[in-house]
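Inspection log for the structure reproduced underneath, given as structure tokens.
The values are calculated or read from the model by the stated rules, or taken from the named source; none is laboratory data. What you see is a predicted model; the values in this text were computed from it and never measured. Every residue, glycine as well, gets a Cβ built from its backbone with ideal geometry; the counts of neighbours run over all protein chains shown.
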Amino acid sequence: MEKTTILCRVLGDFRKTGNERLFHCPNCKHSKNKLSVNIDKDKFQCWHCNYAGRSVYRLIRRFGSFANQQAWLELASDVDLTLFDELFN
């Protein structure tokens, strides 16, 4: 499972623009996709109500189920150890 799948379970369908995914904002419930989520930068912002944060997990924790939270944390805890080896060689 990937992070986009978890976000779709929590926030619904999205429209992709560049590196960002646009969802309906669960905070203001605007009729258009105004919640911009950037998984790479781990940030989100609604362009209508200015609901924003520096951690996408905050969205999952507030609006998702416990199972979604656990799945997100499992994906976030995956660390690429090859980068660690390259760093100290």
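Select from segment 1-50 the residues that are among the basic types (Lys, Arg) and either in a loop (DSSP other than H, G, I, E, B) or in contact with a Leu (Cβ under 9 Å, 6 or more places away or on another chain) (or both) and write down the one among them that is surrounded by the most Cβ atoms within 10 Å (Cβ to Cβ).
Among those that are among the basic types (Lys, Arg) and either in a loop (DSSP other than H, G, I, E, B) or in contact with a Leu (Cβ under 9 Å, 6 or more places away or on another chain) (or both), it is 21.
If you take the residues of segment 44-64 that are at pLDDT below 95 and under 8 Å from the mean Cα position of the chain (by Cα), which of them is farthest from residue 13 (Cα to Cα)?
Here the residue is 55.
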